[in-house]
Amino acid sequence: MSEFSRRNFIKTGVSAGVALATTPFAAPFFGKARAANSLSVVEWGPPVIDHSKAIGNEWGKAPINWTLHAGGGATILPKIKVAWPNPPYDLVDNWSPVFLSMIREDWLETVTLGDCPNLADVPESLIPKDANGNWKAIPRGSSGGFFVSTEKCPMQIKSIEDLLSPKLQGQILWPNPSLFTNMQVVFLAMARGGDQFNMEPGWAFLKDLAKSGNIGRVSATTADIITSLDSGETTVTFADQGLYSAIKGVKTSPLTKTNNDLKTFMYVSGWVVLKSSKNKKLAFDLANYMISKDASERYGKEVGEVPVNTRAVVDQSLDHLRFSPKEVEEFVVVPDFDHLSKELDGWNKRWEQEIVPLL
């Protein structure tokens, strides 16, 4: 993806870690002055706001004044900064990249199991933390990106190294670095001993792939990917859940939970409580209610994200993004989005200079 917008990263019908929706998250920004015994909550537009209002009404412990995000998740940051130390919000719904920014600013209250007992049902590796390991957010949904193959693929892909097989001549559609924040090359690096901070093994792998002739097409947009796979032009690519669900012309299989070198990158969405809040106990209580088993199951159905509560029942169509705590450790990578965003310009230049000439 070319920008870190939760709206762009998610599509309705996603789940398991963070499926977002293709609905208008850039709703008008509005709010009300909060009473001393009320909560001020920032939320996404439909369908998320509709779900949250219904759950909030059921919770019923305090009046809630709702404010909608005006654009991408990062648009709330300057609003908080200019008003600090007294921004008019208690509880804010956001996602992984923005959590990191808020943690760096030291705006977020630490959360414990005492504050939110339902976090006991959430894999700890999915809970955003500060440098000291303190929990700083209350995730409720997630989504991710992963390799996929279609029913027309000439071989079963069991390992990321299989991408180099001669059987895949011209079969791979490779996204350029601007799509998916270049996580596809991060995973190549990880398969050969590197990671998102040591990308040399990944670039070496990609050079081998380019030289092999297996890359039959390069995608600059998600529309390229959908068209190429739907038409059968290519049969293997890297996609996020929203894109995966949009491929309708051919049966497609997600390559998740099959081999520990075929990773899934995940981001989470959920709640943060601001240190400035005068209603922290109520804010934590509402967030805890929102991530309960029952509320999480409704969230998956009504919003289309995969609930991170491991007790919540998830539709089988989303099982490829539903990970047990053990599977999270083996198959899931939660990227450092801040690092990826800083490196993306250089990675795009390296792609043009070192990889494109080999294609």
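The values are calculated or read from the model by the stated rules, or taken from the named source; none is laboratory data. What you see is a predicted model; the values in this text were computed from it and never measured. Note: ideal-geometry Cβ built from the backbone for every residue, glycine included; neighbour counts use all protein chains shown. Heads up: the accessible areas ignore ligands, DNA and RNA and are worked out on the full protein's heavy atoms, side chains in. Shrake-Rupley method; radii C 1.70, N 1.55, O 1.52, S 1.80 Å.
In the elastic network of the chain, a GNM with C-alpha springs shorter than 10 Å, the most mobile of W95, W59, W347 is W59.
A cut-off under 12 angstrom between Cβ atoms defines the neighbours of V313, and their net charge, with Lys, Arg +1 and Asp, Glu -1, is +1.
Comparing A220, A287, A239 in a Gaussian network model of the chain where C-alpha atoms under 10 Å apart are linked, the largest mean-square fluctuation is found at A220. Here Q169 and R104 are evaluated by their C-beta separation; at R0 = 45 Å the FRET efficiency comes out at 0.45.
Just flag the GluC sites (Glu not before Pro) in the stretch 89-156 sitting in loop per DSSP whose Cβ has no more than 14 other Cβ atoms within 10 Å.
On the way: sites: E105, E109, E124, E151; in loops: E105, E109, E151.
Of the GluC sites (Glu not before Pro), the ones in loops of the stretch 89-156 whose Cβ has at most 14 other Cβ atoms within 10 Å are E105, E151.
Each Lys or Arg adds one and each Asp or Glu takes one away; over the other residues whose Cβ falls under 11 Å from the Cβ of D208, this sums to +2. Relative to the Cα centre, the charge distribution of the stretch 168-232, modelled as +1 at Lys and Arg Cβ and -1 at Asp and Glu Cβ, gives a dipole magnitude of about 140 debye. Pop the C-beta distance of D195 and A120 into the FRET formula with R0 = 25 Å and round what comes out to the nearest 0.05. For D195 and A120, the calculated efficiency is 0.30.
Report, in deg cm²/dmol and to the nearest 500, the calculated mean residue ellipticity at 222 nm for the chain, where each DSSP H run with n ≥ 4 adds -39500 (n - 2.57) and the sum is divided by the residue count. All intermediate terms of the calculation are to be shown ahead of the outcome.
Numbers: 12 runs with 114 residues, N = 359.
Estimated from H runs of four or more residues: -9000 deg cm²/dmol.
If the segment from K207 to M155 were pulled out straight at 0.36 nm per residue, it would be longer than the present Cα-Cα gap by 16.5 nm.
With 28 Å as the limit, write out which pairs from K152/K207; K211/K326; K211/K248; K152/K342 have Cα-Cα distances beyond it, or answer none.
Details: K152/K207 25 Å; K211/K326 37 Å; K211/K248 31 Å; K152/K342 37 Å.
K211/K326; K211/K248; K152/K342, as the Cα separations exceed 28 Å there.
Full-extension gain between D338 and K301, please, as 0.36 nm times their residue separation minus the C-alpha to C-alpha distance. Don't jump to the answer; show the numbers that get you there.
Numbers: separation 37, 0.36 × 37 = 13.32 nm, distance 3.04 nm.
Stretched fully, the D338-K301 segment lengthens by 10.3 nm.
For the chain, carbon and sulfur atoms together expose 49% of the accessible surface, with a 1.4 angstrom probe and every protein chain in place.
Under 11 Å from the Cβ of F187, count the other residues' Cβ atoms, weight Lys and Arg +1, Asp and Glu -1, and hand me the total. Present the calculation step by step, with values, prior to reporting the outcome.
On the way: positive: R192, K263; negative: D195, D261.
Around F187, the surrounding residues sum to 0.
I'd like the FRET efficiency for E330 and K248, computed as 1/(1 + (r/R0)^6) with the beta carbon distance as r and R0 of 41 Å, rounded to 0.05.
Values: r = 31 Å, r/R0 = 0.75.
Efficiency, from the Cβ-Cβ distance: 0.85.
Could you point to the label whose value was computed as percent of Cα pairs over 37 Å apart for the structure here, given (1) 54; (2) 24; (3) 20? Read-out from the structure maps to (3).
Residues considered: N94, N182, N57. Largest GNM mean-square fluctuation over the chain, using C-alpha springs under 10 Å, is found at N57.
For the modelled label position 7 Å from the Cα of W84 along Cα-to-Cβ, which residues of the stretch 253-291 have backbone nitrogen atoms closer than 12 Å? Residues 275-276 fall inside that zone.
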